[in-house]
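Asks: Here it is, the structure in full.
The values are calculated or read from the model by the stated rules, or taken from the named source; none is laboratory data. It should be emphasised that the depicted structure is a prediction, and the values quoted were computed from it without experimental measurement. As a convention, Cβ positions derive from the backbone with ideal geometry for all residues, glycine included, and neighbour counts pool all protein chains shown.
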Amino acid sequence: MKKSLLTALLALGSVAPAAFGQTAPFGPIGFVTQTTGITGGAGGTSVTVSTGTALMAAIVGNRSNAPLTIYINGVITPANTPATYDKIEIKDRNNISIIGVGTSGEFNGIGLYVRRATNIIIQNIKVHHVQLGPKDCIGIEGPANHVWVDHCELYNQHQGVGVDDYDGLLDIKDDAEYVTFSWNYLHDAWKASLSGFTETDTYNRKVTYHHNRFENINSRLPLFRGGTGHVFNNYYKDIASTAINSRVGACVKIENNYFLNTKNPYVSAYSSVVGYGDITGNMLVNSPFQYSSDTYQLGACTLAIPYSYSGVLNTAADVPTVVLAGAGVGKLGSVTSLKKAEKGQFEVFPNPFQGAATFALTLAGPSRVGIELFTLAGQKVAAVTTPGQVLGAGTHRFDYRNASLTPGLYFYVVTTEKGSYSQKLVVQ
C-alpha cells in the first residue's frame, strides 16, 4: 500500500468513529445504561425453547431471579402456548434475556409483555400479527425499569385493515423508565410505538430510540405523552400521518434522523397541551410539515443527555446506509456481550497488517472466547477463533492469515465472559 492510501485510511478512522463504533458490538446505549445499567441474563444459566409452553415454564420457574438467558429457536404461537396465556408475560421476574437464535426466533400471533420487572433484554426476535390480549407485539407496563429491546422485527398490517384491528408494535406505559429501543425494524402498521397510553399517563419514562428502521406506518414513531426522550439516528420511510409526536409536556431530543416520504416528521398532534423538541441535525427528503387545527409545531426545549453516545452518532446523511445494514433480526452474529472487556486484556499486531496479524488475549481464568472480523457495514468476514471455544487462564495467541481481504478499514470484536471490545483494523 502506498503511504498516501494508508494515511487516508487512518484519517478516515480518526474522523468517523461513529461509522465504526456503533456497528461493531451493538451494545446498549441510552437511558437503559443509567443508574444500575443493563445485563439481563448475562453470567447465568441458559435454556433453549421452541414453544410458548416451554418459554412460559422457563420464565415462571425462575423464582429466584437468578440471571437467565432464554434462546428462542422456533415459532411461538397461540397453539403451542397454554390457553391460560393470551401473551408471553415476563411479570414479577428480573434479570432475564430473551434472544432469538439466528433468524429462527419468532412469535406469530402472540406478543411479549414486560410488567413488574427489571433488567430485561429482548433481542433478535420477530413478532407479528398479534391479535390476542393487549394486541401489542411488545408491551412494557410499569412498574418496570431497565428494559432493552434490540434488533427485533415487529409488524402487523397497514393497508387493508382497520386502525384498531391491531394495536402497537412497541408500547410503553405507566411508571416504566430507563428503556432503550435500538436497531429494530418496525413496519406495516397503523400504530408503531407510544410512550404513555392516555393523556394523564405522563410519567417521566426516560426512553431512547436509536438506529431503528420505520417503514410503511401511519403514526406513533414514537408518540410521547410526557416524559423524556432521545430519538437519534432513526430511518423513516413512507410515514402517512405523523412520525415523532411529542405532546402533553414531553421533551424529546430529536437528533440526526433521516426522514423520507414522511408526513409531519416531528410535531405535537392531537392533544390540547403541546409537547416540546430539542431538534438538531435531521435530514428531510420529501417530508413536509402539514400543520392544522390539531397538529402543531413543536415548542422548544433543551434536553441534557446524561450518557455518552458521540462514538455511535452518525450524521443524518449516513443513517440510511448504516440502519438498513444493521437493523432487524439476524444482524448480531455472536456479538452479544454487554460489559466492556478489561483494559489491556488483548491486543492485535501489527495494525495495519498485510495478509497476517496476531491476536494476543490474556485471561484471568477459564472463559468462552470469540474473535471475529467485520466490515464497517457490520458484515462478518472471518472468525479468528473457533466459535464457543473455551480457553484457560493465561496468554493465548492466534495467527490470522487472509491475504484476500480488500485493503481498507475493518474492525475486530473480541468477546469473553468478562465482556466485549472492538477496535479498528487496517488492511494494507
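Asks: Do you know which residues across the range 102-137 are at positive phi and basic (Lys, Arg)?
Replies: We begin by selecting, within the range 102-137, every residue at positive phi; these are 102, 109, 116, 119, 124, 129, 133, 135.
Residues satisfying the conditions are Arg116, Lys135.
Asks: Would you point out which residue out of Ser268, Ser293, Ser241 is farther than 19 Å from Leu186 by Cα and either surrounded by fewer than 24 Cβ atoms within 10 Å (Cβ to Cβ) or touching a residue at least 60 places away in the same chain (Cβ under 8 Å) (or both)?
Replies: Values: Ser268 fails: either surrounded by fewer than 24 Cβ atoms within 10 Å (Cβ to Cβ) or touching a residue at least 60 places away in the same chain (Cβ under 8 Å) (or both); Ser241 fails: farther than 19 Å from Leu186 by Cα.
None of the others qualify; the one that does is Ser293.
Asks: Scan (1) within 25 Å of Lys206 (Cα to Cα); (2) surrounded by fewer than 16 Cβ atoms within 10 Å (Cβ to Cβ); (3) out of contact with any Lys or Arg (no Cβ under 6 Å at 6 or more places or on another chain) for the single condition Lys135 breaks and write down its number.
Replies: Only one criterion in (1) within 25 Å of Lys206 (Cα to Cα); (2) surrounded by fewer than 16 Cβ atoms within 10 Å (Cβ to Cβ); (3) out of contact with any Lys or Arg (no Cβ under 6 Å at 6 or more places or on another chain) is unmet by Lys135, namely (2).
Asks: Counting only residues that are of a type in the set (A, V, I, L, M) and under 28 Å from Trp148 (Cβ atoms), which one in the range 336-358 is modelled with the highest pLDDT? Give the derivation first.
Replies: Looking only at the range 336-358, we keep the residues that are of a type in the set (A, V, I, L, M), and these are 338, 341, 348, 356-357.
Retained after the next criterion (residues that are under 28 Å from Trp148 (Cβ atoms)): 338, 341.
Details: Leu338: 32, Ala341: 41.
Applying the filter and picking the extreme gives Ala341.
Asks: Only one of Thr262, Thr280 is of a type in the set (S, T, N, Q) and under 30 Å from Gly37 (Cβ atoms); which?
Replies: Values: Thr262 fails: under 30 Å from Gly37 (Cβ atoms).
Going through Thr262, Thr280 in turn, the sole match is Thr280.
Asks: Follow-up question, since we're still on this one. Within the range 359-381, count every residue that is loosely packed, with under 15 Cβ neighbours inside 10 Å and modelled with pLDDT of 80 or more.
Replies: 2
Asks: Ok, one more. Can you go through Val130, Val161, Val179, Val101 and tell me which one is in a loop (DSSP other than H, G, I, E, B) and either under 17 Å from Thr51 (Cα atoms) or in contact with a helix residue (DSSP H, G or I) (Cβ under 7 Å, 6 or more places away or on another chain) (or both)? Quick ask: steps written out before the conclusion?
Replies: Values: Val161 fails: either under 17 Å from Thr51 (Cα atoms) or in contact with a helix residue (DSSP H, G or I) (Cβ under 7 Å, 6 or more places away or on another chain) (or both); Val179 fails: in a loop (DSSP other than H, G, I, E, B); Val101 fails: in a loop (DSSP other than H, G, I, E, B).
Criteria check complete, one pass: Val130.
Asks: A follow-up question, please. Go through the range 6-63 and count every residue that is buried (at least 21 other Cβ atoms within 10 Å of the Cβ), part of a loop (DSSP other than H, G, I, E, B) and at pLDDT below 50.
Replies: So the answer is 4.
Asks: Another question about this same structure. Looking only at the range 74-81, decide whether some residue is touching a Phe, Trp or Tyr at 6+ places or on another chain (Cβ under 9 Å) and of a type in the set (Gly, Ala, Ser). Spell out how you get there, then give the answer.
Replies: Filtering the range 74-81 for residues touching a Phe, Trp or Tyr at 6+ places or on another chain (Cβ under 9 Å) gives 75-78.
Those still in the list that are of a type in the set (Gly, Ala, Ser) too: none.
Scanning the range 74-81 turns up no residue that is touching a Phe, Trp or Tyr at 6+ places or on another chain (Cβ under 9 Å) and of a type in the set (Gly, Ala, Ser).
Asks: Okay, moving on. Restricting to the range 72-126, name every residue that is more than 18 Å from Val179 (Cα to Cα) and in contact (Cβ under 8 Å) with a residue 60 or more places away in the chain.
Replies: Answer for the range 72-126, where residues must be more than 18 Å from Val179 (Cα to Cα) and in contact (Cβ under 8 Å) with a residue 60 or more places away in the chain: Gly100, Gly102, Thr103, Gly105, Lys126.
Asks: Here are Ser310, Ser293: which of them is in contact with a Pro (Cβ under 9 Å, 6 or more places away or on another chain), among the hydroxyl-bearing types (Ser, Thr, Tyr) and farther than 18 Å from Arg220 by Cα? Steps first, answer last, please.
Replies: Working: Ser293 fails: in contact with a Pro (Cβ under 9 Å, 6 or more places away or on another chain).
Exactly one of Ser310, Ser293 is in contact with a Pro (Cβ under 9 Å, 6 or more places away or on another chain), among the hydroxyl-bearing types (Ser, Thr, Tyr) and farther than 18 Å from Arg220 by Cα, namely Ser310.
Asks: Next question, about the same structure. If the Cβ limit is 7 Å and pairs must be 6+ apart or interchain, which residue in the range 385-408 that is at pLDDT below 75 pairs with which residue that is of a type in the set (Ser, Thr, Tyr) and outside any strand (DSSP E or B)?
Replies: Within 7 Å, the pairs are Pro387/Ser334.
Asks: Let me ask something else about it. Could you please find all residues in the range 159-174 being of a type in the set (A, V, I, L, M) and modelled with pLDDT of 95 or more? Give the derivation first.
Replies: Applying the first criterion (of a type in the set (A, V, I, L, M)) to the range 159-174 yields 161, 163, 169-170, 172.
Answer for the range 159-174, where residues must be of a type in the set (A, V, I, L, M) and modelled with pLDDT of 95 or more: Leu169, Leu170, Ile172.
Asks: Sticking with this structure for a sec: I'd like the full set of residues that are part of a strand (DSSP E or B) and either among the hydrophobic types (A, V, I, L, M, F, W, C) or farther than 18 Å from Thr415 by Cβ (or both), limited to the range 64-82. So that I can check it myself, show each step before the final result.
Replies: Going residue by residue through the range 64-82, those that are part of a strand (DSSP E or B) are 68-76.
Residues satisfying the conditions are Leu68, Ile70, Ile72, Asn73, Gly74, Val75, Ile76.
Asks: Filter the range 186-219 down to the residues that are in contact with an Asp or Glu (Cβ under 6 Å, 6 or more places away or on another chain) and in a loop (DSSP other than H, G, I, E, B), then identify the one that is surrounded by the most Cβ atoms within 10 Å (Cβ to Cβ).
Replies: Arg205
Asks: Considering only the range 314-325, I want to know if a residue exists there that is under 25 Å from Ile122 (Cβ atoms), aliphatic (A, V, I, L, M) and touching a Gly at 6+ places or on another chain (Cβ under 9 Å).
Replies: Yes, that holds for at least one residue.
Asks: Now, a different point. Can you tell me which residues in the range 282-314 are in a loop (DSSP other than H, G, I, E, B) and closer than 13 Å to Phe259 by Cα? Give the steps one after another, and end with the answer.
Replies: The initial filter retains those residues of the range 282-314 that are in a loop (DSSP other than H, G, I, E, B), namely 282, 286-291, 293-294, 297-298, 301-309, 313-314.
Residues satisfying the conditions are Asn282, Asn286, Ser287, Pro288, Phe289.
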